[in-house]
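Note sheet for the following structure.
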Amino acid sequence: MASSSAPCVCGWSYETPHHHHWSRIIRISDLLLCRWTCRHCCQKCYESSCCQSSEDEVEILGPFPAQTPPWLMASRSSDKDGDSVHTASEVPLTPRTNSPDRRCSSSDTSKSTYSLTRRISSLESRRPSSPLIDIKPIEFGVLSAKKEPIQPSVLRRTYTPDDYFRKFEPQLYSLDSNSDDVDFLTDEEILSKYQLGMLHFSTQYDLLHNHLTVRVIEARDLPPPISHDGSRQDMAHSNPYVKICLLPDQKNSKQTGVKRKTQKPVFEERYTFEIPFLEAQRRTLLLTVVDFDKFSRHCVIGKVSVPLCEVDLVKGGHWWKALVPSSQNEVELGELLLSLNYLPSAGRLNVDVIRAKQLLQTDVSQGSDPFVKIQLVHGLKLVKTKKTSFLRGTIDPFYNESFSFKVPQEELENASLVFTVFGHNMKSSNDFIGRIVIGQYSSGPSESNHWRRMLNTHRTAVEQWHSLRSRAECDRVSPASLEVT
């Protein structure tokens with residue numbers, strides 16, 4: 001029979017079913033060229049039937065995944081019954097014939113392939129534009145009437161002018177010795193600027209025994225003393241001593257003896273700190289020169305700070321360093337370790353005075369002879385007074401003494417304990433060192449916390465360290481301090 005062809009809307013001529021010797025690759029190409037523009041083209045391209053131009057064109061719109069058209073599903077089912085159409089990955093590299101009596105030679109295959117290439121090239125210039133595909137973003141999640149954003153919104157805080165001022169840290173802008181201008185000055189420039197004198201000291205680490213040795217040798221050119229309250233008698237000479245600590249730990253500090261009436265003291269004292277080598281390299285050695293005053297608070301003359309990571313600790317060395325001003329004008333009064341325990345059934349308040357450390361020195365020659373006075377105040381009335389023994393020549397005394405006070409449970413909430421540390425003096429009145437108040441009229445947050453912990457844990461001893469305060473500070477905040485001497 002003579003071959004016949006039927007034109008397609010796309011402008012391509014398909015051969016009649018009698019000439020199904022074309023390979024599947026040609027049929028796949030024809031399907032791709034049609035671009036799903038015509039419904040009957042997709043159904044009849046393989047039968048070469050004429051495309052009906054009366055049918056409406058089909059557009060594929062997003063969002064994906066789109067549903068497969070019913071007519072395409074019907075076409076797939078019909079293909080399963082006959083010859084199935086393979087995907088591009090399943091297309092054989094060599095064309096196969098459908099009838100044994102119509103085999104093509106290799107030359108015929110080359111010609112048909114060359115003819116197909118020419119037809120595709122000629123069609124590229126006149127084929128219609130791609131159908132409109134509207135792709136929208138794919139959203140995952142449970143569908144609801146109100147869409148919620150997948151990405152969390154960033155909460156932005158509105159700042160007021162006051163918020164910016166709260167961020168300022170005054171210590172960064174103070175005229176302290178740690179400011180940047182001091183770091184870039186030489187010792188001669190610091191000495192000329194502040195005129196506080198110089199300190200001679202040395203350091204060395206002992207790897208065998210794992211301790212750091214600090215030697216305080218001498219000082220020179222110290223300034224004359226300053227009296228803030230006018231009580232100082234000798235305004236020509238100082239009574240200097242040196243406090244040594246490894247920052248940031250200021251609690252475990254050492255202290256030299258006091259050198260009387262001199263601006264060029266010679267100390268020659270050694271102190272050891274039990275500390276691992278790696279930890280020592282992370283510390284900063286702080287040496288503070290203090291002026292002793294028996295009748296007033298001790299005054300800080302100046303200080304020297306040396307980061308130990310910048311020196312060879314094993315080899316050791318000694319330095320003359322110029323003193324720089326300190327933001328701390330007065331030294332600490334010391335610390336006191338106490339233990340409180342209340343027994344509700346017996347109505348007894350038990351107090352243990354365990355130890356004290358780094359107490360303010362009250363005697364120039366031999367340190368201090370400290371003792372602790374404990375006074376029970378009910379409301380604003382002094383009820384009972386007790387005191388520990390005094391220990392000679394020390395600023396780090398160990399007491400381990402216990403005291404018991406009769407306090408009924410209904411009166412406990414109105415009770416206050418006043419702890420005062422004195423330096424024993426046989427020639428005159430005892431020297432005041434420091435004070436704290438624990439109870440109803442506590443002298444600070446630390447004291448209030450200790451009393452509250454004791455009330456919440458009856459029959460259990462509660463220990464806590466307390467920093468001693470001045471008499472004026474306690475009198476200002478605690479009415480119970482005014483009732484004792």
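Here is how the numbers come out for the structure above:
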item	result
Cα-centre dipole for the range 336-485 with unit charges at Cβ (Lys and Arg positive, Asp and Glu negative), debye to 20	160 debye
Accessible area of the range 359-478 belonging to carbon and sulfur atoms, whole % at 1.4 Å probe	48 percent
Total formal charge among the other residues, if their Cβ is under 10 angstrom from that of residue 250, Lys/Arg +1 and Asp/Glu -1	0
Length released on extending from residue 345 to residue 189, taking residue separation times 0.36 nm less the Cα-Cα span	49.3 nm
Mean accessible surface per residue for the range 312-420, computed with a 1.4 Å probe while every protein chain stays in place, in Å²	44 Å²
For peptides 298-305, 465-472, sequence by mean Cβ density within 10 Å, most packed first	298-305, 465-472
Within-12-Å neighbourhood charge of residue 374 [Cβ basis; K, R +1; D, E -1]	+3
Portion, in percent, of the accessible area of the range 264-345 that falls on carbon or sulfur, probe 1.4 Å	50 percent
Size-normalised alpha-carbon gyration radius of the range 321-440, reference 2.2 N^0.38 Å	1.24
Mean projection area, nm², convex hull over Cα of the range 250-396	13.3 nm²
398, 405, 432, ranked by accessible area, largest first (probe 1.4 Å)	398, 432, 405
Environment charge at residue 398 (Cβ cut-off 15 Å; Lys +1, Arg +1, Asp -1, Glu -1)	-3
Two-site FRET efficiency, residue 425 against residue 457, from Cβ-Cβ distance with R₀ of 60 Å, rounded to 0.05	0.95
Percent of Cα-Cα distances greater than 19 Å, calculated over the range 412-465	38 percent
Efficiency of FRET from Cβ geometry, residue 264 and residue 284, R₀ 25 Å, rounded to 0.05	0.40
Over the range 348-392, relative contact order from alpha-carbon pairs under 8 Å, at least 6 apart, %	30 percent
Per-residue SASA entry for residue 345, accessible area with 1.4 Å probe, Å² rounded to 10	110 Å²
Length gained when the stretch residue 476-residue 314 is fully extended (0.36 nm per residue, less Cα-Cα span)	53.3 nm
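The values are calculated or read from the model by the stated rules, or taken from the named source; none is laboratory data. Quick caveat, the model's predicted, so the values are computed rather than measured. FYI the Cβ positions are ideal-geometry reconstructions off the backbone, even for glycines, and counts take in every protein chain you see. Heavy atoms of the whole protein, side chains included, go into the accessibility calculation; ligands, DNA and RNA do not. Shrake-Rupley method; radii C 1.70, N 1.55, O 1.52, S 1.80 Å.
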